[in-house]
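Working notes for the structure below.
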Amino acid sequence: MGKEGNSMNIGVKIRLSKIIHPKLNRTLIVAMDHGLMMGTIPGLVDFRETFRQVRAGGASAVILTPGLIRACQDLLLGRDSPSLVFRLDWTNLLRKTLPPKNGYETHIATPEEAISYGADAAITYLFVGYNRDEAEVRNIENVARAVMQCHRLGLPLIIEPMARGGRVQQDKYNPEYVRLHVRMAAELGADLIKTDYTGDPDTFHQAIKGCPTPVVIAGGPKLKTEEDALRMASEALEAGAIGVVYGRNVIQAKNPQKMTRALRALILEGATLEEAIKILRD
């Protein structure tokens, strides 16, 4: 039993080291899974071209759904490709077209299937703020089951805790909400946590300082400028995050390759914010 448990731990560590730089303890992940929740959005119409640019820019990993993995499988081959993070679940909480009366989350694939697709990690949502308590219970059950299944297979699980739903309204970046759900994700056994940035380094640091699991920030909706997105990443690093998971702030950039490259310089290569912004402008 001891040897088996140790081998599972080794699998998690080896796979996670392909996503989080083992010496720098930093990562740059690009999310390209929006279509499952939101349909076709700008930046993912020609998703293969966007993927090519993200790959060329030097992302550590990309988040994809089963369908996009099949559609982009040739771009995932080779040593220069980013690591693959497999989206395990679906939710209607993020949808603006035909918005739900009550939000739900459900799993669409298993950790075994994630491994069969070549994934180095899986990812799942954890929401607080549902209108219905039973929806939160179901979400917790799904996440807890996924943690156990992933770790039995030696597969890291990224948990994405966020405050969403009817009880949250427009206050989703409230530091108290972030403090609550990142700790919940850590207690459930997350290997990495992707969550909302509270808006400034001080409140974000306070929100995550009791969390024993490494944290990366979500990019959220596209910010007003690409410089703003770089500045938010810089602030999050200052506050204790180990990197970012940016989706729309990369895939909807004027030049996704250049934006990825600027983020890589900032997060993984020791560039200052000013130097990263200069990469965008050159």
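The values are calculated or read from the model by the stated rules, or taken from the named source; none is laboratory data. Quantities reported herein were computed from a predicted structural model and do not represent experimental measurements. Note that each Cβ is placed from the backbone with ideal geometry, even for glycine, and that neighbours are counted across all protein chains shown. Accessible surface areas use protein heavy atoms only, side chains included; no ligands, DNA or RNA. Shrake-Rupley method; radii C 1.70, N 1.55, O 1.52, S 1.80 Å.
Couple of notes before you dig in:
- Neighbours by Cβ (under 9 Å, 6+ apart or cross-chain): first from the stretch 90-111, in contact (Cβ under 8 Å) with a residue 24 or more places away in the chain and open to solvent by 60 Å² or more (accessible area, probe 1.4 Å); second hydrophobic (A, V, I, L, M, F, W, C) and in a loop (DSSP other than H, G, I, E, B): TRP90/ILE108; ILE108/LEU88
- Number of the condition not met by GLN169 [criteria: (1) modelled with pLDDT of 95 or more; (2) farther than 16 Å from ILE242 by Cα; (3) of a type outside the set (Lys, Arg)]: (1)
- Residue satisfying condition, being touching a Lys or Arg at 6+ places or on another chain (Cβ under 8 Å), surrounded by fewer than 20 Cβ atoms within 10 Å (Cβ to Cβ) and touching a residue at least 12 places away in the same chain (Cβ under 8 Å), within set LYS209, LYS172: LYS172
- Only residues that are under 15 Å from the mean Cα position of the chain (by Cα), within 25 Å of ARG183 (Cβ to Cβ) and among the hydrophobic types (A, V, I, L, M, F, W, C) were counted across the stretch 95-130, and they come to 5.
- Among the helices (runs of 4 or more DSSP H) confined to the stretch 193-282, the ones with at least 1 residues that are under 14 Å from ILE29 (Cβ atoms) are located at 226-239, 248-251, 256-268.
- The one condition from (1) among the aliphatic types (A, V, I, L, M); (2) crowded, with 18+ Cβ neighbours inside 10 Å; (3) assigned to a helix (DSSP H, G or I) that ILE140 does not meet is (2).
- Considering the conditions (1) on the phi > 0 side of the Ramachandran plot; (2) in contact with a strand residue (DSSP E or B) (Cβ under 7 Å, 6 or more places away or on another chain), SER60 is excluded by exactly one of them, (1).
- Single match in PHE47, PHE86 (criterion: without any contact (Cβ under 8 Å) to a residue 40 or more places away in the chain and under 17 Å from the mean Cα position of the chain (by Cα)): PHE86
- Considering residues of the stretch 183-205 that are in contact with a helix residue (DSSP H, G or I) (Cβ under 8 Å, 6 or more places away or on another chain) and surrounded by fewer than 17 Cβ atoms within 10 Å (Cβ to Cβ) only, the residue nearest to LEU230 (Cα to Cα): ASP200
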